[in-house]
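For reference, the structure is listed below as C-alpha cells.
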Amino acid sequence: MKRFIPETRAVNVVKRFTCDELVELLTAYLEDVLDRPSHDGVRAHLSCCEHCERYFEQFRATIRVLGDQPPEKLPAGVRDRLMSAFRERHGG
Amino acid sequence: MGAFAGGRLPPDDVVVTALRAGDETMFAALLDTWSRGMLRVARSYVSTDPSAEEVVQDTWLAVIDGIDGFEGRSSIKTWVYRILVNTAKKRGMRESRTLPWSAFEADGVPFPDGVSFPDGGRWGEPGAAWPSPEGEALAAEVRALTAEALGRLPPRQRVVITMRDVEGYSSDEVCEILEISAANQRVLLHRARTAVRGWLADYYGSVKQAEQ
Ligand SMILES: [Zn+2]
C-alpha cells in the first residue's frame, strides 16, 4: 500500500518559490493564469513571508494609484471640429 | 452624451448603423467615451500634448471616412484603437523624440531600489513600509509622480500599463488592439508595474527621510 502515498501527495502538491521567483509571478497571480500548484504556492508563500506580503501590498497599491489618474478630456476646439467634420460628411 | 449616460454603449451593429446614418448623438457618445483613453494611449508614442491631440483628431477623421468600409472583423473599439495606435506610431517615429529608437525598444528596466535578493533568492534589505496616502496633498503628489513614471517607461510597456491599469481595459482587448500574445502582454505589464512600484518606493523613501 505504501507505494500509493507519493501519488496521493502529488495531487496536493504546492509549488515552493523563493522570494525572487515570487515577485516575478505577481501579475500572473493577479490575472489568475497560474496553474493550481503555482497559484497555491504563491498564496502559501505570501501568507508566511512578511517581506513578500509587503511587496505584494505595494504592488497592488501601485495598481490602485495608476487607476486613480485625473480624467483627460479632448479640448473643446478639437471636439467641435470633429463634430463638424462628421456633420459635413453626412451632408448636414 | 445624455443618451448613454451610464457610460455603456449599445452593441456594435447598432453603433455602426447609427454612424453610417449620420447619427450625431452616437458619434458624440463615442467621442466622449473613448477620447480620454485614446489621448493617453497616443501619449505613449508622441512627445507632446498637442501631438497627442492631433493623433486623436486624425484618428477620428479616419473613422469618419472609413466607417462605411468597416467589415466587423473586430469590434468597433478595437478597429478605432488600431487606427489610433498606427497613427501615433507613425507620428512618434517622425518626431523620433530625442532618444534613439533602440533605447525605447529596450524593455529591460533595471530592478528598482530596495529590491535585492543576495541571499539565495531571499530578501536582502526589504523596502520600507509605505505611509497610507492620508492627506490630499500626498495623494496629489503621488498621482503626479505616477504620471511622470508612466512617461519614463519604454513605449511598449507604457501603452500596455496605460490601457490595463489606467484605463481599465481587459487583457483580451489589449492583446487584440496591439496584436500581441497574452503572455507577451503580461510580461510587458509586469515589467511596467515593477518599474512604477520602484519609483513610488523611491519617493516614499525620500518622504520618510525628510520627516526624520
Ligand atoms: Zn518571500
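The values are calculated or read from the model by the stated rules, or taken from the named source; none is laboratory data. Small disclaimer: the values here were computed from a predicted structure and weren't measured. Cβ coordinates were reconstructed from backbone atoms using ideal geometry, including for glycine residues, and neighbour counts include every protein chain displayed. Side chains included, ligands, DNA and RNA excluded: accessible areas come from the protein's heavy atoms. Shrake-Rupley method; radii C 1.70, N 1.55, O 1.52, S 1.80 Å.
Listing for the model above:
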| read-out | value |
| --- | --- |
| Pairs with Cβ under 7 Å, 6+ apart, first in the range A:13-36 and of a type in the set (Asp, Glu), second within 13 Å of the ligand (Cβ to nearest atom) | A:20/B:117; A:20/B:121; A:21/B:121 |
| Count of the range A:48-62 residues which are more than 10 Å from the ligand (Cβ to nearest atom) and open to solvent by 40 Å² or more (accessible area, probe 1.4 Å) | 2 |
| Single residue of the range B:46-65 satisfying the filter (of a type outside the set (A, V, I, L, M, F, W, C) and open to solvent by less than 20 Å² (accessible area, probe 1.4 Å)) that is nearest to residue B:167 (Cα to Cα) | B:59 |
| Top-ranked residue of the range A:16-36 - restricted to ones that are within 9 Å of the ligand (Cβ to nearest atom) and within 22 Å of residue B:171 (Cβ to Cβ), ranked as nearest to the other protein chains (Cβ to nearest Cβ) | A:23 |
| Answer residue from the range B:119-144, given it is at pLDDT 70 or above, of a type outside the set (Gly, Ala, Ser) and assigned to a loop (DSSP other than H, G, I, E, B) and is least open to solvent (accessible area, probe 1.4 Å) among those | B:123 |
| Exclusive hit being within 13 Å of the ligand (Cβ to nearest atom), open to solvent by less than 70 Å² (accessible area, probe 1.4 Å) and modelled with pLDDT of 95 or more, set A:45, A:39 | A:45 |
